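Engineer: My questions all concern the structure below.
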Amino acid sequence: TTPPEQQVQVKNPHLDTMEEDILYHFSLGTKTHNLPEMFGDIKFVCVGGSANRMRAFAQFIHQELQLPGNSEEIRDICEGTDRYCMYKVGPVLSISHGMGVPSISIMLHELIKLLHHAHCRDVVLFRIGTSGGVGLAPGTVVISSKAVDHSFHPQFEQVVLGKVITRSTELDEGLANELLQYSTELQDLPTVIGNTMCTHDFYEGQGRLDGALCSFSPEEKLEYLRKAHEAGVRNIEMESTVFAAMCRVCAAVICVTLLNRFEGDQITTPHDVLVEYQQRPQVLVSHFIKKRLGLI
Ligand code: R2B
Ligand code: URA
């Protein structure tokens, strides 16, 4: 039996009492835009840090789904703001979220409300991105089993009215396994499932010795990475905990590793190799979407 259709849930009783909802950072609103008409058919949402990469992803999906029209001409729906960019290709929405938890969290509030206002159903969400590998060869794709914080706990802490509240960051296990299975059907896509550690900084926060500040020794760095690895952490990035806390069901985090953090901190890989690495999560998500749509 097929599961019942799931509408995108907003967990805020105050929203119903609002006459209008302005999605400020998207430059969209319920009175100025017909959101059901613009977005009602969305089934897949893919978010990632860089605006250019998410435009390239939209163009890639346009070709993969063999949609009519010129993929070069797809328009940024959020052109009224330069905070985020957003592209729609058929049932797929591609959005950039910038770097770090605060940036992605603002975007996710407005995205989840957008999907709710548009009456979208059965939406699958992906974060595709880059990360530092923990004991993996560079170029390995990590599908997150869960997102963990700096002490390897599957939780996201948020300060609300001056108090810390905690939300779970477990992700959809079935979806992760399905993605891992699909990765075996593709060439040059070394993929593992593992825990993803989310930090609030790229340098000291990820145990790097090469920032403008450093308060620890190389031995202390390695000790921390070893502990992370023992706790099942296979990569480190900067958005997964809040993405998991806000999206949870039908959501996956798929990040390629750019380096092995046991080997160093600087990203010395040539540009063209990095570009190819960053296409790997896109290829996996595209394969997933084509399977779901019955195109392959
Ligand atoms: C991965 O890469 C970015 C830092 O370079 C950050 O957004 C992340 O999560
Ligand atoms: N993104 C991160 O957050 N860390 C890395 O080491 C590489 C990419």
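The values are calculated or read from the model by the stated rules, or taken from the named source; none is laboratory data. Model, not experiment: these values are computed from the prediction. When we count neighbours, we look across all protein chains shown, and the Cβ atoms used for this are built from the backbone with ideal geometry, even at glycine. In case anyone asks, the SASA skips ligands and DNA or RNA and just uses the protein heavy atoms, side chains included. Shrake-Rupley method; radii C 1.70, N 1.55, O 1.52, S 1.80 Å.
Engineer: Select from the range 203-240 the residues that are among the hydroxyl-bearing types (Ser, Thr, Tyr) and within 11 Å of ligand 1 (Cβ to nearest atom) and list them in ascending order. Step through it out loud before you land on a result.
Structural biologist: Within the range 203-240, the first condition is being among the hydroxyl-bearing types (Ser, Thr, Tyr), and the residues that meet it are 203, 215, 217, 224, 240.
The answer is Tyr203, Ser240.
Engineer: Looking at His271, His200, which one is within 12 Å of ligand 1 (Cβ to nearest atom) and farther than 26 Å from Leu93 by Cα?
Structural biologist: Values: His271 fails: within 12 Å of ligand 1 (Cβ to nearest atom).
None of the other options fit; the residue is His200.
Engineer: Select from the range 232-258 the residues that are within 22 Å of Ser183 (Cα to Cα) and among the β-branched types (Val, Ile, Thr) and write down the one among them that is nearest to the chain's Cα centre (by Cα).
Structural biologist: Checked the range 232-258; the qualifying residue nearest to the chain's Cα centre (by Cα) is Val253.
Yes/no matrix, rows are residues, columns are (1) away from ligand 2 (no atom under 16 Å from the Cβ); (2) of a type outside the set (S, T, N, Q):
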position	(1), (2)
Ser96	no, no
His116	yes, yes
Val134	no, yes
Gln158	yes, no
Thr166	yes, no
Thr169	yes, no
Leu175	yes, yes
Gln187	yes, no
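Engineer: How about the range 67-102: which of its residues are open to solvent by less than 20 Å² (accessible area, probe 1.4 Å) and either of a type in the set (Ser, Thr, Tyr) or assigned to a strand (DSSP E or B) (or both)?
Structural biologist: Our first condition is that a residue be open to solvent by less than 20 Å² (accessible area, probe 1.4 Å); within the range 67-102, this holds for 71, 78, 84-87, 89, 92-97, 100-101.
If the condition is that a residue be open to solvent by less than 20 Å² (accessible area, probe 1.4 Å) and either of a type in the set (Ser, Thr, Tyr) or assigned to a strand (DSSP E or B) (or both), then Ser71, Tyr84, Met86, Tyr87, Val89, Val92, Leu93, Ser94, Ile95, Ser96 are the ones that fit.
Engineer: What pairs come out if I take residues in the range 259-281 that are within 22 Å of Leu180 (Cα to Cα) and pair them with residues that are loosely packed, with under 10 Cβ neighbours inside 10 Å and of a type in the set (D, E, K, R) whose C-beta lies under 7 Å away, six or more apart or interchain?
Structural biologist: If the second residue must be loosely packed, with under 10 Cβ neighbours inside 10 Å and of a type in the set (D, E, K, R), no pairs are left.
Engineer: Can you name the residue in the range 247-259 that is surrounded by fewer than 24 Cβ atoms within 10 Å (Cβ to Cβ) and near ligand 2 (Cβ under 10 Å from one of its atoms) and is also nearest to Gln282 (Cα to Cα) among such residues? Working first, answer last.
Structural biologist: As a first pass, look at the range 247-259 and keep what is surrounded by fewer than 24 Cβ atoms within 10 Å (Cβ to Cβ): 248-251, 258-259.
Of the ones still in play, those that are also near ligand 2 (Cβ under 10 Å from one of its atoms) are 258-259.
Details: Leu258: 15, Leu259: 19 Å.
This residue is Leu258.
Engineer: Can I ask one more? Is it the case that some residue within the range 106-117 is open to solvent by less than 30 Å² (accessible area, probe 1.4 Å) and basic (Lys, Arg)?
Structural biologist: As a first pass, look at the range 106-117 and keep what is open to solvent by less than 30 Å² (accessible area, probe 1.4 Å): 107-108, 110-112, 114-115.
When the remaining residues are screened for being basic (Lys, Arg), the result is none.
No.
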